[in-house]
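Some notes on the structure that comes next.
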There are 2 protein chains.
Amino acid sequence: MSQQRNGQAAGAPDGAGFPDLPEATVARLPEYLRALHHLAETGFDTVSSEGLAAAAGVNSAKLRKDLSHLGSYGTRGVGYDVALLIAQIEHVLGLTQRRTVALVGVGNLGHALAGYGGFGTRGFRIAALFDADPGRVGEQINGLPVHDIRRLPEVVAAEAISIAVIATPAEAAQQVADQLVAAGVTSILNFAPCVLSVPDGVDVRKVDLAVELQILSFHEHRKSALTTLPSHPANGRVKIRPALNGEALAT
Amino acid sequence: MSQQRNGQAAGAPDGAGFPDLPEATVARLPEYLRALHHLAETGFDTVSSEGLAAAAGVNSAKLRKDLSHLGSYGTRGVGYDVALLIAQIEHVLGLTQRRTVALVGVGNLGHALAGYGGFGTRGFRIAALFDADPGRVGEQINGLPVHDIRRLPEVVAAEAISIAVIATPAEAAQQVADQLVAAGVTSILNFAPCVLSVPDGVDVRKVDLAVELQILSFHEHRKSALTTLPSHPANGRVKIRPALNGEALAT
DNA sequence: AGGCGTTTGTGAACGTACGCACAAACTCAC
DNA sequence: GTGAGTTTGTGCGTACGTTCACAAACGCCT
């Protein structure tokens, strides 16, 4: 029944008194983690909420509230211990154990993802590649062989894979998702531009590059409407007619 | 001063009586648009809010409220005219004119993005590729030549580019962003895992693949903690101690 | 030991977003 | 023309997220 739910409640469904993190906070923790790793490499032992907030690109009050949700260890008058905070966040995110990931669809994008080295340093290991195209099966990418999609259940079980990435064309995505769920995968990152329907208990997050560009396009449209239309008065019933005021952009 | 702001207010800064779209609505419009195109191809002339909501993976009430914000033309008792609604949304998103996009960084990911055909059908045209590596300059990808990054101002002006995609390593991203802004780009889609600092009036959206996986990891962690700990009541003051795991995955 | 400056953690106010539920508006059949 | 059925548009209650502002807690200097 459950359609795709990007912003699923992070909470335990039962009534346990578990410190539930707001979903918005969960989405920011990885940013903090990245900033913290950078600080650690730069030689910082401690950091103030102000400093970390700047490094992560957020408001310092928001950062403090976020960290307070995980009962964080800051020291008043000093700040946060960088190493300790890294350990805390990694623990909360479940990154203390390295997670194994399957990637389905070794086309243009899948190829790039398989070759991206950034995952290894952020707690993940791409453990298996799959494709339905017999022409691609057997190919090696970055030292990993491409399996036939039919071997999904076998490999998922053997490698203890719980997260999968779908990088197939949109037409194939739902079928792939079904196969993944049947094989025991419970978290899916979907790059295909389509809505996936999955059972309850399975999380889906979506990344659609065209959607991101279209959102930017909206703001671009808005900006240019503001700057280029010095006037364009009452025209009957046209919806949305940004109109007016030549506002000079900064720079 | 402005750090990166994904969720920027969509509103006109002045007091004009403009139908300001909530940012959350703007983020969903591209989803509706995709669903509508799919419906149009499938032969639908009209669609109810219920039907479109299902296709886009959202609640029907939310969809109706979103569409009402742009003064949309639905007909009570019938539904929405698919073609009309497509035109409306494309107009609001500024997609009536095809937007030209520059892509900086032709590495692993940039290569895949340059080769991705999906942009063309969604209102965008990748008009130019750039890289700082002299070894890559001159190379042809998908019929497009890779320019030296130093030709940025020239090409951006010639092609009337207002949106750019950064697919460089994190270390280079800020410098590239500065160059883009200097060249006149006012919207940036950033794939590099770092915070970009840009002047006011420039929009930045970020896509970080590792962040998406880490969010999934959190839920995964949560799920396994729930399934393996049938009970684990009041444990004093331990912050989040999901602990353990030898997860029995579903199915 | 005590006071001062700094920084965290959080209560409270505010704003935004969501979803229900219903009246208004429309089509269609007769 | 009238009534029945369908679907939109939206007012309202509620939940969530953000920001401000301040008291409590800490280090450090004297």
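Brief remarks follow.
- Near pairs, Cβ below 7 angstrom, 6+ apart or cross-chain, from region A:61-73 (under 11 Å from A:LEU85 (Cα atoms)) to any residue that is open to solvent by 70 Å² or more (accessible area, probe 1.4 Å) and near DNA strand D (Cβ under 10 Å from one of its atoms): none
- Complete set of residues in region B:85-102 that are within 11 Å of chain A (Cβ to nearest Cβ) and among the aliphatic types (A, V, I, L, M): B:ALA87, B:ILE89, B:VAL92, B:LEU93, B:LEU95, B:VAL101
- Filter result for the condition that a residue is among the small types (Gly, Ala, Ser), buried (at least 21 other Cβ atoms within 10 Å of the Cβ), within 21 Å of the chain's Cα centre (by Cα) and within 16 Å of DNA strand C (Cβ to nearest atom), over B:ALA56, B:ALA102: B:ALA56
- On the stretch given as region B:54-84, residues that are under 21 Å from A:ALA225 (Cβ atoms) and of a type in the set (A, V, I, L, M, F, W, C) total 2.
- Pick from region A:59-93, criterion outside any helix (DSSP H, G or I) and within 25 Å of the chain's Cα centre (by Cα), ranking: farthest from DNA strand C (Cβ to nearest atom): A:LEU93
- Residue within region B:108-128 that is modelled with pLDDT of 95 or more, assigned to a strand (DSSP E or B), in contact with a helix residue (DSSP H, G or I) (Cβ under 8 Å, 6 or more places away or on another chain) and more than 30 Å from B:HIS38 (Cα to Cα) present: no
- Of the residues A:LEU180, A:LEU152, A:LEU196, A:LEU213, the single one that is closer than 30 Å to B:ILE89 by Cβ and in a helix (DSSP H, G or I) is A:LEU213.
- Filter result for the condition that a residue is within 8 Å of chain B (Cβ to nearest Cβ) and either in a helix (DSSP H, G or I) or modelled with pLDDT under 95 (or both), over A:LEU52, A:LEU33: A:LEU33
- Qualifying residues in region A:60-83 (those that are surrounded by fewer than 15 Cβ atoms within 10 Å (Cβ to Cβ) and within 12 Å of another protein chain (Cβ to nearest Cβ)) - the one farthest from DNA strand D (Cβ to nearest atom): A:GLY71
- Odd one out for A:VAL106 among (1) within 10 Å of DNA strand D (Cβ to nearest atom); (2) aliphatic (A, V, I, L, M); (3) not assigned by TED's automatic domain parsing to the domain that holds A:LEU33: (1)
- Region B:196-208, subset at the interface with chain A (Cβ under 7 Å from one of its Cβ atoms) and open to solvent by less than 20 Å² (accessible area, probe 1.4 Å), residue nearest to the chain's Cα centre (by Cα): B:VAL207
- Flag for B:PHE44 being surrounded by fewer than 21 Cβ atoms within 10 Å (Cβ to Cβ) and within 16 Å of DNA strand D (Cβ to nearest atom): yes
- Number of positions in region B:70-90 that are closer than 13 Å to A:PHE218 by Cα and out of contact with any Lys or Arg (no Cβ under 8 Å at 6 or more places or on another chain): 2
- Residue, surrounded by the fewest Cβ atoms within 10 Å (Cβ to Cβ), within region B:148-191, restricted to residues that are in contact (Cβ under 8 Å) with a residue 40 or more places away in the chain and small (Gly, Ala, Ser): B:ALA160
The values are calculated or read from the model by the stated rules, or taken from the named source; none is laboratory data. None of the values given here were measured: they were computed from a predicted structure. Because the Cβ atoms are built from the backbone with ideal geometry, glycine has one as well, and the counts that use them run over all protein chains shown. Heads up: the accessible areas ignore ligands, DNA and RNA and are worked out on the full protein's heavy atoms, side chains in. Shrake-Rupley method; radii C 1.70, N 1.55, O 1.52, S 1.80 Å.
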